[in-house]
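Colleague: Just dropping this structure here.
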Amino acid sequence: ARHVPYRDSKLTRLLADSLGGNCKTTMIACVAAASMAETVSTLKFASRARHVHNSARINEQIDQRTKLQSLEVELTRLRAVLVEREQSVGDSRRFVQAEAERQQAFAERERAEAQVERAEAERRRAEAE
């Protein structure tokens, strides 16, 4: 008997929806002592089919109103996420602006300190003369 791969079997084609689809399947392998080759082939197929595991779920029929409501809920959620991200970006911008102002104030302070030091040096020179 020639080996027929699992995916190329006529029986697999007939049971395609049941074996790989979204349903629960019960398989009964009928064997007979009259044809030993067919019996062995059937038992091998049943053994391979037994190892196929599906997770069946209920097919839902969603009407337009329900779908619209679910999309509106998702839209509201996504808008909230967008507002949250915009706030975090705004917080980042405020942080960057505050950091720039701090650096500018630090630079002005250093210039003022240098100016005071120069004025004191001139005052000391004037006193020394």
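The values are calculated or read from the model by the stated rules, or taken from the named source; none is laboratory data. A quick note: this is a predicted structure, and the numbers were derived from the prediction, not measured. Here the Cβ is made from the backbone with ideal geometry for all residues, glycine too, and neighbour counts use every protein chain on show. What goes into the accessible areas is simple: the full protein's heavy atoms, side chains included, and nothing from ligands, DNA or RNA. Shrake-Rupley method; radii C 1.70, N 1.55, O 1.52, S 1.80 Å.
Colleague: In the stretch 38-73, which residues are open to solvent by 90 Å² or more (accessible area, probe 1.4 Å) and more than 30 Å from residue 11 (Cβ to Cβ)?
Modeller: 60, 61, 62, 64, 65, 67, 68, 69, 71, 72, 73, listed by residue number.
Colleague: Next question, about the same structure. Which count do you get for residues in the stretch 70-129 that are more than 30 Å from residue 60 (Cα to Cα) and among the hydroxyl-bearing types (Ser, Thr, Tyr)?
Modeller: 2
Colleague: Taking the stretch 120-129 only, how many residues are surrounded by 10 or more Cβ atoms within 10 Å (Cβ to Cβ) and among the hydrophobic types (A, V, I, L, M, F, W, C)?
Modeller: Residues that pass the stated criteria total 1.
Colleague: Residue 38: among the acidic types (Asp, Glu) and in a helix (DSSP H, G or I), yes or no? Lay out the reasoning, then the answer.
Modeller: Numbers: among the acidic types (Asp, Glu): yes; in a helix (DSSP H, G or I): yes.
In short, yes.
Colleague: Right, another one. Identify the residue in the stretch 1-31 that is at pLDDT 70 or above, assigned to a loop (DSSP other than H, G, I, E, B) and open to solvent by 60 Å² or more (accessible area, probe 1.4 Å) and, among all such residues, is farthest from residue 60 (Cα to Cα).
Modeller: 31
Colleague: Sticking with this one: Of the conditions (1) open to solvent by less than 80 Å² (accessible area, probe 1.4 Å); (2) not in a helix (DSSP H, G or I), residue 90 satisfies every one except a single condition; which number is it?
Modeller: (2)
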